[in-house]
Amino acid sequence: MIGALLTAFFFGVTPVVAGRAIALIGFVRANVIRLSLALVILGIWAFTFGQGLRGQAPLFMAAGAVGFGIGGLSLLAALPRLGAPLASLVEETVAAPVAAVMAWLWYSDKLTTNQIAFCAVILGGVVIGLLPYIRRTAVKGAAFRSVALGIGLALLAATAQGISLAATRHGQQLMIHAKTPPDTLTVAFQRLIGGFLVALAVYAVARWAWRRKWGFAAADGSIKAVVSSDGGKLTTRPLYWGSLNSLFGPILGVSCTVWALQSLPSGQVQSIAAVAPMVSVPFALWLQGHKPPSVWYLGAAIAIAGLVLVYLNP
C-alpha cells in the first residue's frame with residue numbers, strides 16, 4: 001500500500017508542474033521532454049543493474065504505449081482546458097473502475113466486496129473535495145466546446161490509464177509465476193519505451209502538419225515568472241519544469257505504481273492513487289496562491305478514512 005500512497009503523492013505534484021511546462025512550450029513538446037529524460041535515467045538503471053529488455057517487455061511496452069502515449073498525451077492536452085484539479089479528478093477516479101473491470105475480465109483479478117466499498121469511499125471523498133473546482137470551471141464561463149473537449153480528453157486518459165494498469169499487473173504476475181520476479185525500475189523503463197515511441201510519433205506528425213499552431217507553444221510569448229505563496233519568484237525555464245514533470249511523473253510516480261501493482265489489484269492501486277488530485281491542491285496553493293475551499297477539507301477527511309479502511313482490511 002505504501003507504493004500506492006507514494007504514487008498518489010507524486011502524481012499529485014505532477015499536474016501542477018506539468019501545467020507550468022505546458023504554458024511555456026505546449027503539451028506536445030512538454031510530453032516529449034518529460035518522457036525523454038525519464039527514458040535516459042531509467043534506461044541506465046535497466047541495462048546496468050536491472051533486466052534490460054528481458055521478461056514481459058512486449059506487454060509492458062504495449063501498456064506504456066497505451067498509458068503513457070495515449071493517456072499521458074490526452075491528460076496533458078486536457079490540463080489547459082480544465083485545470084489541474086478537474087483534469088486529474090476525471091482521470092484518476094474513472095481510471096479506477098476501468099482498471100478493476102479490465103483486470104476482472106482479462107485474468108479474473110477480482111476485488112472483494114469490502115475492497116470495492118472502501119475504494120468507493122476514497123473516490124467519493126475525492127469527488128466531494130474537488131466539487132468546487134468543477135463548479136468554478138462552469139462559472140468562469142469558459143467556452144463550452146473547450147471544456148467538453150477537455151472532459152473527453154480526460155476520459156480518454158482515464159480509459160488508457162486503467163487498461164495500462166491492468167496490463168502491467170498481468171505482466172508482473174506472469175513473471176512471478178515463471179519464477180523471474182520483475183525488477184520495478186526495469187518494468188517502468190519498458191513501459192516508458194512504448195509511451196516514448198507514441199509521443200515521438202505524435203510530435204513528428206503535429207510538427208509537420210500544424211507546426212506551432214497546435215500543442216507546441218504557449219498562447220503568447222510573454223509568460224513571466226509567477227510568484228509563489230512565500231513571495232519567491234519561480235523560473236520560466238522550460239527544462240526546469242520539464243525535468244520536475246519527468247521526475248515526479250514517469251520516474252517516481254510510475255515506478256511506485258509498478259511497485260504497488262506487484263502486491264495489490266490494479267483497481268485498488270488506482271483507487272488509492274486517485275487521491276492525487278487532492279494532493280495537487282496544496283501544491284497549487286504554493287505555486288499559485290489559490291487557497292483550498294472549505295469542502296476540500298471534508299473531502300480529504302473522507303478520502304483518508306477510506307484509505308485507513310483499505311489498510312485495516314487488506
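Note the full-extension length gain between His177 and Ser263 as 0.36 nm times their separation in residues minus their Cα-Cα distance, in nm to one decimal. Spell out each step's value before the answer.
On the way: separation 86, 0.36 × 86 = 30.96 nm, distance 1.33 nm.
Separation in residues times 0.36 nm, less the Cα-Cα distance, equals 29.6 nm.
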Relative contact order, percent, segment 1-115 [alpha-carbon distance under 8 Å, six or more residues apart]: 30
Nitroxide proxy distance, nm - points 7 Å out along Cα→Cβ at Arg145 and Val295: 2.9
Two-site FRET efficiency, Asn313 against Val205, from Cβ-Cβ distance with R₀ of 45 Å, rounded to 0.05: 0.40
Around Pro250: net Lys/Arg minus Asp/Glu count, Cβ-Cβ under 9 Å: +2
Contour excess over end-to-end distance, with Cα ends at Arg237 and Phe49 and 0.36 nm allotted per residue: 64.4 nm
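Throughout, read-outs are computed from the coordinates displayed, never taken from laboratory work. None of the values given here were measured: they were computed from a predicted structure. Note that we place each Cβ from the backbone using ideal geometry, even for glycine, and neighbour counts take in every protein chain shown.
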